[in-house]
Amino acid sequence: GFPLSISETFQLRNTNKSIIEALNVVNDLQELCMKHNKKQVVYISMGFGNPYGDPYDMEVVENFADILSTLGIEIISLADTIGVARPDQISYLFKSLTTRFTNIEFGAHLHSLASTSVEKIEAAYISGCQRFDGAIKGFGGCPMAQEELTGNMATETILSFLDSMQDTPDLNRIE
């Protein structure tokens with residue numbers, strides 16, 4: 001996977017590359033993946049806003065998805081790097097992107113407080129999210145994002161939600 005940020009500030013903090021330089025890396029990685037029969041996952045970091053004052057709106061996310069589609073990317077994960085995503089934003093982006101880019105598998109890499117995790121998972125799930133990233137007990141966060149870490153979405157919470165929807169994944173499947 002590669003973290004491509006729609007925030008120039010975060011892209012520089014996270015990978016020490018500009019967005020243009022990062023897109024060149026995505027392209028190079030895509031060529032390697034195709035050569036070796038692999039699929040690249042590109043994370044659209046800061047996909048729900050950023051704390052730096054860099055331009056953000058949902059159209060910017062859609063434009064990045066369009067660029068990635070042009071590069072042949074088949075898996076895009078929308079990343080809420082700092083835990084600011086609202087269920088209405090999540091719903092809008094997943095509905096819009098899964099309808100427009102039917103050849104791309106869209107996933108969610110959400111950071112969240114435990115108190116808002118389920119509503120975010122539900123918004124993504126019912127709006128077309130096809131994959132979820134999680135971390136055991138929600139540990140982690142992105143130290144490059146801001147001073148206070150917002151934890152990753154807890155794998156246990158994701159699995160519990162999917163189980164409640166009778167959509168439990170096969171955890172023994174190896175890809």
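The values are calculated or read from the model by the stated rules, or taken from the named source; none is laboratory data. In this text, all values refer to a predicted model and were calculated from it rather than measured experimentally. A quick note on method: Cβ atoms are made from the backbone with ideal geometry, for glycine too, and the neighbour counts reach across all protein chains shown. Heads up: the accessible areas ignore ligands, DNA and RNA and are worked out on the full protein's heavy atoms, side chains in. Shrake-Rupley method; radii C 1.70, N 1.55, O 1.52, S 1.80 Å.
Quick look at the numbers
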quantity: Estimated inter-spin distance, T99 and I20, nm [label 7 Å along Cα→Cβ]; calculated: 3.5
quantity: FRET efficiency for L71 and R131, using Cβ-Cβ distance with R0 set to 22 Å, rounded to 0.05; calculated: 0.70
quantity: Accessible area (Å², 1.4 Å probe, nearest 10) - E119; calculated: 90
quantity: For S115, solvent-accessible area (1.4 Å; no DNA, RNA or ligand), Å²; calculated: 100
quantity: Pair N27, E59: separation of 7 Å Cα→Cβ label points (nm); calculated: 2.5
quantity: Check: the chain dipole with +1 on Lys, Arg Cβ and -1 on Asp, Glu Cβ, in debye; calculated: 300
quantity: Carbon + sulfur, % of accessible area of the chain - ligands and nucleic acids excluded, 1.4 Å; calculated: 52
quantity: Tally of Lys pairs whose C-alpha atoms are under 26 Å apart, taken over the chain, 8 or more apart or cross-chain; calculated: 6
quantity: Helix-only mean residue ellipticity at 222 nm for the chain, each DSSP H run of n ≥ 4 adding -39500 (n - 2.57), per residue, nearest 500; calculated: -13000 deg cm²/dmol
